[in-house]
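Encoded as structure tokens, the structure appears first; notes follow it.
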Amino acid sequence: MTLQDITCFLNLAETLNYTKTAEELFISQPAVTRHINSLEDDLGIKLFDRSVKRNITLTEAGKIYFNGLKKCRNIYNDTIAAINLKATESPLIINFLRGIRTPDVIVEATGNYMLKHPNFHHFPNFIEASEFEKSIENGEIVICQEEFADALKSYKHLQLTKQAIPHYLVANKKHPGFATEQTDMQKIKDTTLFLPKNLPNVLKDKYISILKELLGTTPVEIMYLDSMDSVELFLRSGRCFTIASEWNSLLDSNHNASCKLDFASHYVAIWDNTKCLNPLAEDYLYFIKQALQ
């Protein structure tokens, strides 16, 4: 006895028409017959009277079985409705990598989505990359650069950006490399590059490759710190630099200067659709994707 057998029985018990049941369940009429025969074999009773050609009726046993399953179906539907209501009432937690600002286009699109769906509640959060998988396992959503997604391939992914987001070399305006309107790459090269240590290797390698092309060699020193917050603190000294995407809050600071690099990266949403129970989660993400096109 399978769920498909029971679904087929419930539909046929209501329609009493093999053709209509096949159409409504998007299966063939022989498939309907197989499901009913399988169910009757498992139960050891006849559920339908087929003695009159082109006319079927429920047997007495079939009526009892149908009434019992209807109650089960109602309980199931009520349970799912209660779960969906609870999930809707709970805020959908959306995690960004710490140091990223929520782009204006996402903020505006989220506001528009909430106008259309007053019951939609969300909570933006900022975490380290080491916390991504735990957050997804907790039913939350992670939005990050596609390079971070390589370690999370077992989950559902949705590319949000149509155009890849550019990256920049960023330093405090006090940095000697930004003392004039023309960026002095020699003075950039002679200072330390600070990066967060949680960067995936593919991103680290890409950054180093770009800098070799730009500076002619690697910087005098490369140091990896615990987080982008730590990197930001060191930038204030004016004696170091970093690399950040256009979505990073470093580019919003009036104290920093930047130089666009020949590298861009897409942003993706990652979640586990078996654990993210908010019924509007996926619809919201596609709405954001549309806004970013």
Within the range 195-242, track down each residue that is hydrophobic (A, V, I, L, M, F, W, C) and under 19 Å from residue 265 (Cβ atoms). 195, 199, 202, 203, 208, 210, 211, 214, 228, 231, 241
In the range 98-132, how many are more than 20 Å from residue 200 (Cα to Cα) and among the hydrophobic types (A, V, I, L, M, F, W, C)? 8
Does residue 62 count as under 28 Å from residue 214 (Cβ atoms), outside the structural domain of residue 191 (by TED's automatic domain parsing) and surrounded by 20 or more Cβ atoms within 10 Å (Cβ to Cβ)? no
Can you find a residue in the range 230-243 that is within 24 Å of the chain's Cα centre (by Cα) and more than 21 Å from residue 94 (Cβ to Cβ)? no
Which of the numbered conditions does residue 220 fail, given that it passes all the others? Conditions: (1) more than 30 Å from residue 285 (Cβ to Cβ); (2) touching a Ser or Thr at 6+ places or on another chain (Cβ under 9 Å); (3) surrounded by 15 or more Cβ atoms within 10 Å (Cβ to Cβ). (3)
Specify the residue that is farthest from the chain's Cα centre (by Cα); the eligible residues are those in the range 87-103 that are in contact (Cβ under 8 Å) with a residue 24 or more places away in the chain and surrounded by fewer than 16 Cβ atoms within 10 Å (Cβ to Cβ). 89
Failed item in (1) closer than 21 Å to residue 249 by Cα; (2) out of contact with any Asp or Glu (no Cβ under 8 Å at 6 or more places or on another chain), with residue 227 passing the rest: (2)
Run down 263, 234 and say which single residue is of a type in the set (Phe, Trp, Tyr), in a strand (DSSP E or B) and more than 29 Å from residue 111 (Cβ to Cβ). 263
Contact list, first residue from the range 1-15 and under 15 Å from residue 59 (Cα atoms) and assigned by TED's automatic domain parsing to the domain that holds residue 42, second anywhere and surrounded by fewer than 15 Cβ atoms within 10 Å (Cβ to Cβ) and of a type outside the set (Phe, Trp, Tyr), beta-carbon distance below 7 Å, six or more apart or interchain, is 10/73
Among 182, 159, which is the only one that is of a type in the set (S, T, N, Q) and within 13 Å of the chain's Cα centre (by Cα)? 159
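The values are calculated or read from the model by the stated rules, or taken from the named source; none is laboratory data. Note that this is a predicted model, so its numbers are computed, not measured. Glycine also receives a Cβ, built like all others from the backbone with ideal geometry; neighbour counts cover every protein chain displayed.
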